[in-house]
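The values are calculated or read from the model by the stated rules, or taken from the named source; none is laboratory data. It should be emphasised that the depicted structure is a prediction, and the values quoted were computed from it without experimental measurement. Backbone-built Cβ (ideal geometry, glycine too); neighbour counts: all protein chains shown. We work out accessible area using only protein heavy atoms, side chains counted, and drop any ligands, DNA or RNA first. Shrake-Rupley method; radii C 1.70, N 1.55, O 1.52, S 1.80 Å.
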Amino acid sequence: MTMDHLRRNFLQKLVASAVVVPMLSPYRALADADPASTGGNQGTTLRVALMGLGSYAARVAEAMQSCKRARVAGLISGTPSKLQEWGTKFGVPEKSRYNYENFDRIKDDPDIDAVYVITPNALHRDQVIRVARAGKHVICEKPMAVNAKEGQDMVDACADAGVKLLVGYRMHFEPKTLEVVRMRKAGDFGRILFFQGLCGFRIGDPGQWRLDKALAGGGALMDIGIYAINGARYMVGEEPVWVTAQQTKTDPVKFKEGVDETIQFQLGFPSGAVASCLSTYQMNHLDRFFMTGEQGFAELQPATGYGPIQGRTHKGELTQPHATHQTIQMDEMAGILLDGNTPVVPVDGEEGLKDLKIIDAIYAACETGGRQELRLG
Ligand code: NAD
């Protein structure tokens, strides 16, 4: 079998087992005409403009070259040379290249369905709202914003504009992750008792935006701890009702006021399950999820890196084949935005907002030393 066959088989299995598909299959149109050659969207390919042409956008753009249902159709950048270079590389015509001043004009661009915002965290709110007002669907990178108030503004703006808001939670489409979710739903672990999420790396260049509160909105928790927060929710399958948290800082010069270096936090769930998590910019080799229930366990390590994800459960190794996360994500998001598909683990603005409410509560718990109650609905 060729890689393409393997991949297609895998995607078909993924769709059959993991995605609620109201129509036949999001992959039904693989053989349809290429919209690029027909000059219009046939309802089969999601035409995406990328905003913020930095390192993660480069990874997304490369991965999208292998998409069946999504392609790079527009670019938004403050750097003219990047627009030129990326435009040539990804075949984006000059008329669909924008800068941060004029991208509201995307409203009149019939060749773009959605904008993927991949800029520093604190810019997401205003950029997403502008895209919504331009009448385009929005995909926004994590964290969706820097606090729940901003997140709510974004959810409201998209609802008002009648566009969909999705968050770039690539793990929600990752095959081994989805297998653990499937097993948990099937009752294979019994009643869930405990989740552990460890997320961290040693951050380098002290001058980068991730260490600037004004652009990052915080520190490691915003950037990497969010994987443990989000993971706790989709692994346990419940919304937490309380949080406690403790912060430690060993380098106050590098990690200034408002930029967290290391936070340990605990989440409590309605069933009585608890989570214990670590978020840090000061330790390497931390990318691990572990969950145990009355009848079994699951372990993912690495759990959230670009992969391959590896893991095992009490039943043995997880063997689902690796596929580039951003490729599957964008194909699945095409199904959500164009066909109204419902993913197994939500990726909408409400999902992003829940994580932001938990982040707010973790910071408040660090400040007060006390337990914060959560009402996520
Ligand atoms: P980056 O620094 O590599 O890229 C950011 C881009 O935004 C750059 O091209 C920069 O020029 C542009 N930009 C626009 N306005 C800016 C301003 N005022 N200040 C600084 N830069 C500005 O960062 P990145 O790693 O690509 O991260 C971008 C977003 O993607 C973040 O929200 C991050 O959390 C998210 N991200 C997600 C993943 C994932 O796996 N889902 C991985 C990496 C990053």
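Within segment 277-296, count every residue that is over 21 Å from PHE173 (Cα atoms) and not in a loop (DSSP other than H, G, I, E, B). If you could, list the steps in order and put the result at the bottom.
Within segment 277-296, the subset over 21 Å from PHE173 (Cα atoms) is 277-286, 292-296.
When the remaining residues are screened for being not in a loop (DSSP other than H, G, I, E, B), the result is 277-280, 286, 292-293.
Final tally of qualifying residues: 7.
Test ARG375 against the criterion of being more than 16 Å from the ligand (Cβ to nearest atom) and surrounded by 15 or more Cβ atoms within 10 Å (Cβ to Cβ), and give yes or no. Quick ask: steps written out before the conclusion?
On the way: more than 16 Å from the ligand (Cβ to nearest atom): yes; surrounded by 15 or more Cβ atoms within 10 Å (Cβ to Cβ): no.
No.
Having 3 or more residues that are more than 17 Å from GLN372 (Cβ to Cβ) and touching a Gly at 6+ places or on another chain (Cβ under 7 Å) is the bar; report the strands (runs of 3 or more DSSP E) wholly within segment 180-276 that clear it. Spell out the reasoning first.
Values: elements: 192-200, 242-248, 262-268.
Passing ranges, in order: 192-200.
Tell me which residues, restricted to segment 301-347, are within 16 Å of the ligand (Cβ to nearest atom) and either over 18 Å from the mean Cα position of the chain (by Cα) or free of Cβ contacts under 8 Å to residues at least 40 places away in the same chain (or both).
PRO302, GLY305, PRO308
Considering each residue of segment 285-306, count those that are closer than 30 Å to ALA58 by Cα and β-branched (Val, Ile, Thr), and give that number.
1
Whether any residue in segment 118-136 is under 16 Å from the mean Cα position of the chain (by Cα) and away from the ligand (no atom under 13 Å from the Cβ) is what I want to check.
For segment 118-136, residues under 16 Å from the mean Cα position of the chain (by Cα) and away from the ligand (no atom under 13 Å from the Cβ): absent.
Within segment 60-118, how many residues turn out to be acidic (Asp, Glu), surrounded by fewer than 16 Cβ atoms within 10 Å (Cβ to Cβ) and closer than 23 Å to GLY162 by Cβ? Full working, then the answer.
Kept after step one, since they are acidic (Asp, Glu), are these residues of segment 60-118: 62, 85, 94, 101, 104, 108-109, 111, 113.
Now restrict to residues that are surrounded by fewer than 16 Cβ atoms within 10 Å (Cβ to Cβ): 62, 85, 94, 101, 104, 108.
Restricting the remaining residues to those that are closer than 23 Å to GLY162 by Cβ gives 104, 108.
Looking only at that region, the number is 2.
Just name the residue that is most open to solvent (accessible area, probe 1.4 Å) out of those in segment 272-297 that are within 16 Å of the ligand (Cβ to nearest atom) and of a type in the set (A, V, I, L, M, F, W, C).
Among those residues, the one meeting the criterion is LEU286.
Kindly indicate whether LEU300 is touching a helix residue (DSSP H, G or I) at 6+ places or on another chain (Cβ under 6 Å) and either of a type outside the set (Asp, Glu) or surrounded by fewer than 18 Cβ atoms within 10 Å (Cβ to Cβ) (or both).
Working: touching a helix residue (DSSP H, G or I) at 6+ places or on another chain (Cβ under 6 Å): no; either of a type outside the set (Asp, Glu) or surrounded by fewer than 18 Cβ atoms within 10 Å (Cβ to Cβ) (or both): yes.
No; evaluated as a whole, the condition is false for this residue.
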